[in-house]
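S.K.: Structure incoming, see below.
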Amino acid sequence: MLITPALAQSGSLGGGGFGGLMPIVLVMVIFYFLLIRPQQKRAKQHKEMLASVTRGDKIVTNGGIEGKVIKAANDSDTIEVEIAKDVKVNVVRTMIADVRDKGPAKADPKADKKAKTEAKSK
C-alpha cells in the first residue's frame, strides 16, 4: 500500500526538458538588452569622446577638476590641462569624464583662401 503512491508521484516528474530552461534564457535576453547593450554603447561613445579631445577643449576629470586642454597629442596617453592661470597638470586621457566646451574649430586652409579670394574680387 505505501509503495503505490510513491511510484505514482515519481512518474509525473519526467517531462519538460526545454520548457524548464525557457525562463532562464528569457531572463538572460532581458539582461542583455537592459544592462549589457546600453553599457557597451556608453563605453563606445566615451572612447570616441576621448579620441576627439583637442587643444582648447574645456574638460572635467573624474576627480571633478575642470580645465582647458593645452596640449593633446593623439598618440599620447596623457594630455596637459590648465586648471588655473599658469597652473598646468598632466592628466591621463582615460580619466576625462566629460568635454564641456569644444575649442575653436580648426579652419580649413582651402576655405580661408577661397574666402579671401572672393573678398578681394568684390
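The values are calculated or read from the model by the stated rules, or taken from the named source; none is laboratory data. Since this is a predicted model, take the numbers as computed values, not measurements. Glycine gets a Cβ as well: all are built from the backbone with ideal geometry, and neighbour counts include every protein chain shown.
S.K.: When you check SER10 against the structure, is it surrounded by 10 or more Cβ atoms within 10 Å (Cβ to Cβ) and modelled with pLDDT under 95, yes or no?
M.R.: For SER10, the condition - surrounded by 10 or more Cβ atoms within 10 Å (Cβ to Cβ) and modelled with pLDDT under 95 - is not met.
S.K.: Out of the residues in segment 70-96 that are small (Gly, Ala, Ser) and out of contact with any helix residue (DSSP H, G or I) (no Cβ under 9 Å at 6 or more places or on another chain), state the one that is modelled with the highest pLDDT.
M.R.: As a first pass, look at segment 70-96 and keep what is small (Gly, Ala, Ser): 72-73, 76, 84.
So of that shortlist, the ones also out of contact with any helix residue (DSSP H, G or I) (no Cβ under 9 Å at 6 or more places or on another chain) come out as 73, 84.
Numbers: ALA73: 87, ALA84: 94.
Taking the candidates together, the pick is ALA84.
S.K.: Answer yes or no: is there a residue in segment 55-69 that is hydroxyl-bearing (Ser, Thr, Tyr), in a helix (DSSP H, G or I) and either surrounded by 10 or more Cβ atoms within 10 Å (Cβ to Cβ) or modelled with pLDDT under 90 (or both).
M.R.: no
S.K.: I'd like to know if segment 88-98 contains one or more residues that are of a type in the set (Lys, Arg) and farther than 17 Å from ALA51 by Cα. Break it down into steps so the answer makes sense when it comes.
M.R.: Our first condition is that a residue be of a type in the set (Lys, Arg); within segment 88-98, this holds for 88, 93.
Filter once more, keeping what is farther than 17 Å from ALA51 by Cα: 88.
Among the residues of segment 88-98, at least one is of a type in the set (Lys, Arg) and farther than 17 Å from ALA51 by Cα, which makes the answer yes.
S.K.: Applying the selection to segment 18-35, what residues are among the aliphatic types (A, V, I, L, M) and assigned to a loop (DSSP other than H, G, I, E, B)?
M.R.: Once the filter is applied, which keeps residues that are among the aliphatic types (A, V, I, L, M) and assigned to a loop (DSSP other than H, G, I, E, B), segment 18-35 yields only LEU21.
S.K.: While we're looking at this one, here's another question. Of all residues in segment 81-94, how many are outside any strand (DSSP E or B) and surrounded by 15 or more Cβ atoms within 10 Å (Cβ to Cβ)?
M.R.: Summing the residues that are outside any strand (DSSP E or B) and surrounded by 15 or more Cβ atoms within 10 Å (Cβ to Cβ) in segment 81-94 gives 1.
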